[in-house]
Amino acid sequence: MMKRLSSRIAALVCVTMIFTMTGCGQSNDSQSAQASEEQIQKAKTQWSSALYKATDSQNDLKTAITDANDLTRYALDSSVSELQSTINAAYKVYTDTTIDSSEPSGSESSDAEAYTTAAEELDKIADDLEKRTTSLNAAVEAYRKSLPSLSYTITSNEGYTYDVSINGLDMRASIDTEQGKPGTVTIDSWVADTLDITIANTTPGKEAPVDWRNPDSSNGAISFGNLVPLYDTNLCTTMGQTNPLITDATCRSYSIGGKTYWDYYDSLFMVIAGQNSTVRSTAKFSVGESVSGMLVLDVIYNPNEKTGKLTKTSKQDVSEQVADSIRKPVGWAFILSVEGGSANTPYNAGANLERAVKHDLWGDDDYYILAKTKGL
């Protein structure tokens, strides 16, 4: 009896072991399949991320190229030649780069290695594009820094002080051959958007009025000086505008340091706080406050309100020469008009500044030169 029972127990143990072994085998297979699926999903996620990064990097390079081209459009060729070479090289990389957005082995693929390999290739493409974008942006910044700059300090009669700085001085001009009477064209000119102006209240520990000429005024639109691009030739005469009785057809001349220079159709640009500037609405600067990038330049002679461009007519056969000349003034000056003599002018350092005389059909005006670039 005991012998038969032992035999049955042994058989049962054997069957149990068999089932257990079989069950263990299924568990291992299931775990292996699960691990494989996790690897595939991880590889797919890596590939998707790499695809997004590469596509994003390609779009960033496209934007950088577009912005750089906008910056150089209608500029003087010689001043942007180096930057243009960098733009061209970046554009070639952009057009030569193809990003494959299809899954490596189809959407049903179970090959994790294929996804990983494709992700690594996309990462390399993204890195190359990012390096090119960085290089182009650096070239743009170098170009901006190469442009002329000016800075000066205004000290009011009451002792308020303001530091004014301007960077990125650059003139642009374009020709529209479809406008103008037969034999003539129109020339658009404007200050490039490379321009960057900052006005800072440097009065120690004091708020300062925006209307520094009249501290008790609520006027927030007072000018901190006029910016003038100057030329060593009379462009109005070259363009064929020679009637001295028509003031709009005459470039004004300036006497500076014994030399004569001309503006371009009285193109003074007033440096004032922009309409949306806090200092404009409050008519004062806070202690140590600076206003940057919110300043406007108004051309005296009615530019196009939508584009800010000054449009004039020129003889067609000299238009290229004129446009090229507009793009390269011999210098820039910040000037401030003298009102009623230096004693009555609310600028207490004025008597120590160089003077400029602007010759006009209506009489000669005296100006302080707040700052000027080399060459004047």
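In the stretch 101-118, is there at least one residue being under 16 Å from Asp56 (Cβ atoms), assigned to a loop (DSSP other than H, G, I, E, B) and touching a residue at least 40 places away in the same chain (Cβ under 8 Å)?
Within the stretch 101-118 (the criterion being under 16 Å from Asp56 (Cβ atoms), assigned to a loop (DSSP other than H, G, I, E, B) and touching a residue at least 40 places away in the same chain (Cβ under 8 Å)), the answer is yes, since at least one residue qualifies.
Please work out which one of (1) open to solvent by less than 40 Å² (accessible area, probe 1.4 Å); (2) modelled with pLDDT under 90 is the condition Ser110 fails and give its number.
(1) is the only condition that Ser110 fails.
Which of the residues spanning the stretch 35-49 are open to solvent by less than 80 Å² (accessible area, probe 1.4 Å) and touching a residue at least 60 places away in the same chain (Cβ under 8 Å)?
Filtering the stretch 35-49 for residues open to solvent by less than 80 Å² (accessible area, probe 1.4 Å) gives 35-36, 40, 43-44, 46-49.
Those that are open to solvent by less than 80 Å² (accessible area, probe 1.4 Å) and touching a residue at least 60 places away in the same chain (Cβ under 8 Å): Ser36, Ile40, Ala43, Lys44, Gln46, Trp47, Ser49.
Table: residues versus (1) more than 28 Å from Lys53 (Cβ to Cβ); (2) of a type outside the set (S, T, N, Q); (3) under 20 Å from the mean Cα position of the chain (by Cα).
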{"residue": "Glu121", "(1), (2), (3)": "no, yes, no"}
{"residue": "Ser135", "(1), (2), (3)": "no, no, yes"}
{"residue": "Ala138", "(1), (2), (3)": "no, yes, yes"}
{"residue": "Ser146", "(1), (2), (3)": "yes, no, yes"}
{"residue": "Thr153", "(1), (2), (3)": "yes, no, no"}
{"residue": "Asn157", "(1), (2), (3)": "yes, no, no"}
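Looking at the stretch 50-78 only, could you name the residues that are among the small types (Gly, Ala, Ser) and free of Cβ contacts under 8 Å to residues at least 12 places away in the same chain?
Narrowing the stretch 50-78 to residues among the small types (Gly, Ala, Ser): 50, 54, 57, 64, 68, 75, 78.
The answer is Ser78, and nothing else.
The values are calculated or read from the model by the stated rules, or taken from the named source; none is laboratory data. Note that this is a predicted model, so its numbers are computed, not measured. Ideal geometry is used to build each Cβ from the backbone, glycine not excepted, and the neighbour counts take in all protein chains shown. Areas reflect the complete protein model, heavy atoms only, side chains present, ligands, DNA and RNA absent. Shrake-Rupley method; radii C 1.70, N 1.55, O 1.52, S 1.80 Å.
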